[in-house]
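Some notes on the structure that comes next.
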Amino acid sequence: MTMTRRDLIALLGAGAVAPLFAQPRPAVEQGAIIRTLLKDMPPDSINGAILFHEHLSIRYPLTKALAEKAGRPVPPSFTDDVDLMSEETKAAQTDGVGCIVDGGHPDMDRDFDALKRIAATSQVPIVASGGFYMQRNYPTDIATKSAAQLADELVRDAKAQRLGAFGEIGQQGGVLTDDEKKVFTAVGKAQAKSGLPIFTHNAYTGVRTVDPPVPMDTALKQLDVLEAAGANPRHLAIGHVCCLDDPKAQVAQQLAKRGVFVGFDRVTINVIIPDEKRVAMIVAFLDAGFADHLLLSSDFSTGRALKKNGGPGIAQTVTAFAPMLVKAGVSEATVKHILEDNPRRFLAFVPKDRG
Ligand SMILES: [Zn+2]
Ligand SMILES: [Zn+2]
């Protein structure tokens, strides 16, 4: 009989099995760094959880374009108040966060200067990202450029702006459009050229039904395209897998078997899928032996969640969601491994643009 982790917990009590799953901090490649906006950092110099997909500067996609098209003033976003976002970022550090990856880029109306000001004011390490969001947000000239041309531009811009990742790279529906496939290919090529990690956005709708439905294997198809372009699975995170209603986490397991990280990166967004279902999926995923492949984050994108508004704040993955995992029997050592070690390995890369 094979014992699962939960069987052991039932037998021995949660504390007794923790050492089985507490793993030493895995070494990253020699010379690898995490590229934050202000400096390159040795991965071990970051203390605390790393949130690999949040938004510190964003306007809900299309808000600006639609307003401009209609000749209306661009509606404000909660992230426009840079001083407030700096305070909230600093508060997240107090709550145990050591580094935050911003998942925005120009076609999500991310304000790059705002991000730099938040990093400088809060002194919390912030990783900025590059790339393109999804079909409806693409600049019009995407259609006329080749994947190789886009890849060269992505690598060039990443170097010029000290970007530390490509993300979030998304798709609008369940099937990649031709342009989306080209962008995924370009980003995969850019990863191979630069070493920078990639995280993606999926269109999974959780417990809500849409017509046509988003196929279960959408995440796997994203990986097919990135792999074919030469991207290194160890620096890929396929995102929003926690928005797929997949109780046994079968898609997550198929992804992990191919060596990538699986993003449970919309935790606390209960309107898509309740967190209880996310916790159950994570337990199934961990029981299958994939603790090294899980990344957690909350895709912070609503003002209601700010501390100022009585919400849990940017650290909600650590303060609100992680305790649910512990309550479900996941050891604190495993949770720490997932929050700290996994994102370090995901983000740390050996720059190929030195010398
Ligand atoms: Zn997304
Ligand atoms: Zn996002």
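Once the Cα-Cα distance is subtracted from the 0.36 nm per residue extended length, the residue 179 to residue 220 segment shows a gain of 13.0 nm.
What does the charge count near residue 59 come to, summing +1 for each Lys or Arg and -1 for each Asp or Glu among other residues with Cβ under 12 Å from its Cβ?
Neighbourhood net charge equals -3.
Using a Gaussian network model of the chain in which every pair of alpha carbons under 10 angstrom is joined by a spring, one finds that among 214, 97, 187 the greatest mean-square fluctuation is at 214. Build a GNM of the chain with springs between Cα atoms under 10 Å apart, and of 86, 45, 194 the one that fluctuates most is 45. Fully extending the segment from residue 156 to residue 136 would add 4.8 nm, taking 0.36 nm per residue of separation and subtracting the current Cα-Cα distance.
The average projected area of the stretch 271-332, computed from the convex hull of its Cα atoms over all directions, is 4.6 nm².
Which length gain, in nm to one decimal place, applies between residue 67 and residue 271 when the Cα-Cα distance is subtracted from 0.36 nm times their residue separation?
Contour length minus the Cα-Cα distance gives 70.8 nm.
Taking a Cβ cut-off of under 15 Å around residue 119, the surrounding Lys, Arg, Asp and Glu residues balance to a net charge of -1, with basic ones at +1 and acidic ones at -1. Entry note, the stretch 171-271: relative contact order of 30 percent, from Cα contacts under 8 Å with a spacing of 6+ residues.
Note that the chain shows a convex hull volume over its alpha carbon atoms of 139 Å³ per residue. Its DSSP H runs of at least 4 residues, each contributing -39,500 (n - 2.57), put the calculated 222 nm mean residue ellipticity of the chain at -10500 deg cm²/dmol, to the nearest 500. Sorting 69-77, 299-307 by average packing, meaning the other beta carbons within 10 Å per residue, from highest down gives 299-307, 69-77.
Quick check: at a probe of 1.4 Å, how many percent of the accessible area of the chain sits on carbon and sulfur atoms?
About 54 percent, which is the carbon plus sulfur part of the accessible surface.
Cα centroid separation, the stretch 31-67 to the stretch 288-328: 16 Å. Counted by Cβ distance under 15 Å from residue 274, the other residues give a net charge of +1, where Lys and Arg count +1 and Asp and Glu count -1.
If you run the Gaussian network model on the chain, springs between alpha carbon atoms under 10 Å, then out of 318, 326, 271 the most flexible one is 271.
A 1.4 Å probe run over the chain, with the rest of the protein chains in place, finds 42 Å² accessible per residue. For the chain, relative contact order (Cα pairs under 8 Å, six or more residues apart, normalised by length) works out to 22 percent.
Remark: C-alpha extents of the stretch 163-304 on the principal axes read 40, 34, 30 Å, sorted largest to smallest. Just how far, in whole angstrom, is the stretch 231-285 from the stretch 140-172 if you go by their alpha carbon centroids? Centre-to-centre (Cα) distance: 25 Å.
The values are calculated or read from the model by the stated rules, or taken from the named source; none is laboratory data. This structure is a prediction, so every number in the text was calculated from the model and none was measured. Heads up, the Cβs are rebuilt from the backbone with ideal geometry, glycines too, and the neighbour counts pull from every protein chain shown. Only protein heavy atoms, including side chains, enter the accessible area calculation; ligands, DNA and RNA are left aside. Shrake-Rupley method; radii C 1.70, N 1.55, O 1.52, S 1.80 Å.
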